[in-house]
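The values are calculated or read from the model by the stated rules, or taken from the named source; none is laboratory data. On a predicted model such as this, the values are computed, not experimentally measured, just so you know. Cβ placement follows ideal geometry from the backbone for every residue including glycine, while neighbour counts extend to all protein chains displayed.
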Amino acid sequence: MTTVRFAPSPTGYLHIGGSRTALFNWVFARHHKGKFILRIEDTDTLRSEKKYLDEILESLKWLGLDWDEIFFQSKRYDIYKKYAQQLLDGKKAYLEGTAIIFKVNPEIVKIDDAIHGEITFDTSTIKDQVLIKSDGTPTYNFACVIDDALMKMTHIIRGDDHISNTPKQIILYEALGFKSPIFAHLPLILAAGGGRMSKRKGATSIREYKELGYLPEAIVNYLLLLGWSPGENQELITLEEAAKKFTLEKANKTAATFDSEKLDWINNQYLKKADPQRLLDLLVPSLLEKKYINENFDRNYLISLVKLFQGRMNTLNDFVAWSDFFFLDDLNFEESALKILEAKNYSCEFSLLIEKMNILDNFDHASIEQAFRALVEGLKIKAKDLVHPVRAALTGKTIGPGLFETMSILGKDRIETRLKKFIGKEGA
RNA sequence: GGCCCCAUCGUCUAGCCUGGUCCAGGACGAUUGGUUCUCAGCCAAUAGACACCGGUUCAAAUCCGGUUGGGGCUACCA
């Protein structure tokens, strides 16, 4: 049975590169109706932490990547010792203090990589390899080989940064009498300025992207497009569809640069299609934190706000930033908005508008628009000459959703209060 | 330094394996225009790439070699 694994080390949060490796393994396993195993490589006792493990598992679940089995290397030390002893007995390894070292003999190792094709190494450039460290824990390359063999991996799909580990592992498979799996090395994901993705160059962990307001399906979609293409110029794809279409043959070998603008676009595509109820649920914690709402919020009212911004936001955080005027009495006026309001005295126009609005029976978008247009016609001005200052006064911003829709949600009272602040004020 | 990987628009990519259908297609971004109200929304248009040199061939983005550039590894980290 096709069996693959994702083998994170709980020494940090699940980052973009790791989740891409997990994702490709997952879609490959599901494509072949095989097994996807999670193996926690917690042999670095100093740097491994429980909080990282929890975080990794949570992030994987959030992305929709479920696993069939999970193993912890820290619980398998006896197994590694046993095989190290076997190599010792066979004179293929030697002791150095309490550490067990593998003797590397010169040979030419050929890897038939599923993505790169044939790669050749001369092991005479490789030093003898530590198998078991002085503290009794196994090294990465050793534990990895033992586990991949024992757990019956058919394919090892991992990052390009492991290419140079591969010959070291292959000679271990040979020495132990294990059959090598098929290797497939995925290109690395580079940061925007070039080089590795690091905290200095922006968000790196899945958790951060979640907090920034990205949807898991958008992250998954974007990551799928980094190093793989479903073909036919398709840009939007779900996890399920990718599992159907994924093949290693179509995986790329070129390193890809992470482009947050395209991620934003993809997130926007999913946000647009998302159920407003779901988005509201995702938004509530941030809105509570900002004290924009309290526990007894009006769900229907908030849904109308979500719908108002849904098409234009790139992240959920955009909603929080853009909708502030619906929650604050004391608006944050942008420089450009103040400029519009100071350019002219709108006392007359605003007063007339308040009157017009207050006599409306139906305070819906269409009625407001009708009344508004009648007013500007009477004043013999263009609609936009009043739309802009009104938007500025009501929202503190110069850009935003359609004014009439915004007004219908804001309601008569708030419109009157906000406009009145600019009545009687001297224009510039 | 040594070893290894990679090389198509600014970015992600299609095409490359099985040379001609490619004066290289799509998407993001950019620019311009339109959008009974703004744009960070929507619509449309435009610009924009086969890294370089050589070879093979009637023919090369596609095959081969070299150069240059980028990346990785070179731990008793994983």
Can you find even one residue in segment A:269-281 that is in contact with a strand residue (DSSP E or B) (Cβ under 7 Å, 6 or more places away or on another chain) and not in a helix (DSSP H, G or I)? no
For segment A:55-74 the number of residues that are away from RNA strand B (no atom under 14 Å from the Cβ) and part of a helix (DSSP H, G or I) is 8
Segment A:8-42, subset crowded, with 23+ Cβ neighbours inside 10 Å and assigned to a loop (DSSP other than H, G, I, E, B), residue nearest to the chain's Cα centre (by Cα): A:L14
Output the number of the condition that A:H15 fails; it satisfies all remaining conditions of (1) within 16 Å of RNA strand B (Cβ to nearest atom); (2) touching a Leu at 6+ places or on another chain (Cβ under 6 Å); (3) farther than 24 Å from A:Q169 by Cα. (2)
Go through segment A:314-362 and count every residue that is charged (D, E, K, R) and either closer than 28 Å to A:E377 by Cβ or buried (at least 19 other Cβ atoms within 10 Å of the Cβ) (or both). 7
Restricting segment A:288-322 to residues that are within 21 Å of A:Q269 (Cβ to Cβ) and among the small types (G, A, S), which is farthest from RNA strand B (Cβ to nearest atom)? A:A321
Picked from segment A:252-275 (must be of a type in the set (D, E, K, R) and more than 22 Å from A:T21 (Cα to Cα)), the residue nearest to RNA strand B (Cβ to nearest atom) is A:K272
Among the residues that make up segment A:301-314, is at least one of them of a type outside the set (A, V, I, L, M, F, W, C) and more than 30 Å from A:L263 (Cα to Cα)? no
If you take the residues of segment A:119-158 that are buried (at least 18 other Cβ atoms within 10 Å of the Cβ) and charged (D, E, K, R), which of them is farthest from A:G227 (Cα to Cα)? A:D147
Does segment A:191-209 include one or more residues that are at pLDDT 95 or above, farther than 26 Å from A:L57 by Cα and assigned to a helix (DSSP H, G or I)? no
Would you say A:R278 is surrounded by fewer than 16 Cβ atoms within 10 Å (Cβ to Cβ), over 26 Å from A:R373 (Cβ atoms) and either at pLDDT 95 or above or charged (D, E, K, R) (or both)? yes
Cβ pairs under 8 Å, 6+ apart or interchain, first in segment A:269-289 and within 14 Å of A:P216 (Cβ to Cβ), second in a helix (DSSP H, G or I) and among the aromatic types (F, W, Y), ordered by first then second residue, are A:L279/A:F319
Residue list for segment A:138-168, restricted to those being more than 29 Å from the chain's Cα centre (by Cα) and either near RNA strand B (Cβ under 6 Å from one of its atoms) or at positive phi (or both): A:T139, A:K152
Unique residue being away from RNA strand B (no atom under 12 Å from the Cβ), without any contact (Cβ under 8 Å) to a residue 60 or more places away in the chain and within 29 Å of A:F319 (Cα to Cα) when the list is A:M357, A:M407: A:M357
I'd like to know if segment A:390-402 contains one or more residues that are modelled with pLDDT of 90 or more and over 25 Å from A:L287 (Cβ atoms). yes
